[in-house]
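Please read the structure below before turning to the comments.
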Amino acid sequence: MTFKLGAIIFPNVDQLDFTGPYDVLSRMPDTEILVVSETKDPVKSDYGLRIIPDTTFSSCPTLDGILVPGGSGVNEVIKNETALDFVSAQGEQAKYVLSVCTGAIIIGVAGLLRSYRATTHWLYMDLLPLFGSYPVHERVVEDRNRITCAGVTSGIDLALTTVNRLHGQDAAQKIQLMIEYDPKPPFDSGSPERASSKTVLEIKEERKESQIERRRLIEEALATRKMAHSVS
């Protein structure tokens, strides 16, 4: 039976959050990936790559799994009730819910992380408890049918973890070899634990205002959805 996975995109999505896992998961046996967005218009990623959706929230079939990337566009998604309702409805019945980087914020606001262990980009780990989630400082975190990962490039690790869950280690290792995923970066600064304190502090300072704003938007979105659900 074909595993139908919906990859959700939106304006200013981080393209590597999406394309990294897409490349791995599209090689998975018996899998169909649908790129889903609010409309079928091309979606411009955060640095300009245009992605064409296959289907829309309103016409998307029932999915076996959803993949939610992050990016600066997350702020708009968490204000979009149509998008959140789609993620919530599909995620509640899906066999697997996957998020990359700050995609965890979207599934969190959609109510899919309550009582689950999860991770996200290191700058936003402190937001996870807002969703009733338990933060875990790992590159990939599996909790039942929720698989979340840290920032951007860890989406490849998440995808290989998912292949292993669905098709076993041999299938995952073959895909890893085919894409020659054998990273040896020129610098050992890919996590706040290994980067210099100067680099970490500079990034924190650069992102300070956006972090405050994102927390405010999340709190507003959660309050709005809680109110809407109590009325309904």
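Structure notes:
- Residue-normalised accessible area of region 160-208, given per residue in Å² at a 1.4 Å probe: 81 Å²
- Set of aspartates and glutamates near K208 by C-alpha distance (under 18 Å), chain-local residues within fewer than 8 positions excluded: D126, E219
- Remark: the D188-T62 segment gains 41.2 nm on full extension, using 0.36 nm per residue and subtracting the alpha carbon distance.
- L177/S72 FRET efficiency (R0 35 Å; Cβ-Cβ; nearest 0.05): 0.55
- For the chain, the pair-distance distribution built from all alpha carbon pairs, in bins 10 Å wide starting at 0, is 8, 34, 38, 17, 3, 0 percent.
- Cα-based shape type of region 112-154, given that a ≥ b ≥ c are square roots of the gyration tensor eigenvalues and the cut on a/c is 1.5: oblate
- Cα gyration tensor shape for region 128-232, rounded if a/c is under 1.5, else prolate or oblate: oblate
- A straight Cα-to-Cα reach below 27 Å connects K40 with the lysines K4, K79, K95, residues fewer than 8 places away in its own chain not being considered.
- Hz values of 3J(HN,Hα) by residue in region 83-96 - Karplus curve (6.51, -1.76, 1.60), Gly and Pro given as x: 5, 5, 5, 5, 4, 5, 5, 5, x, 4, 9, 6, 6, 9
- Estimated vicinal HN-Hα couplings, Hz - region 120-127 in sequence order (Karplus 6.51, -1.76, 1.60; Gly, Pro = x): 7, 4, 4, 5, 10, 4, 5, 7
- Spin-label pair S197/D30, simplified geometry with 7 Å Cα→Cβ offset, distance in nm: 5.4 nm
- With N the number of residues in region 12-115, Rg(Cα) / (2.2 N^0.38 Å) evaluates to 0.99.
- Amide H contacts under 5 Å for A7, placed H, 5+ residues apart: L34, V35, V36, L67
- Residue-wise HN-Hα couplings along region 169-175, as the Karplus relation 6.51 cos²θ - 1.76 cosθ + 1.60 with θ = phi - 60° gives them from phi, are 5, 4, 4, 5, 5, 5, 5 Hz; Gly and Pro carry x.
- Between G48, G20, G155, the GNM of the chain built on Cα springs shorter than 10 angstrom shows G48 fluctuating the most.
The values are calculated or read from the model by the stated rules, or taken from the named source; none is laboratory data. Only a predicted model underlies this, so the values are computations on that prediction, with no experimental measurement involved. We place every Cβ from the backbone using ideal geometry, glycine too, and count neighbours over all the protein chains shown. Keep in mind that these areas ignore ligands, DNA and RNA; they rest on the heavy atoms of the full protein, side chains included. Shrake-Rupley method; radii C 1.70, N 1.55, O 1.52, S 1.80 Å.
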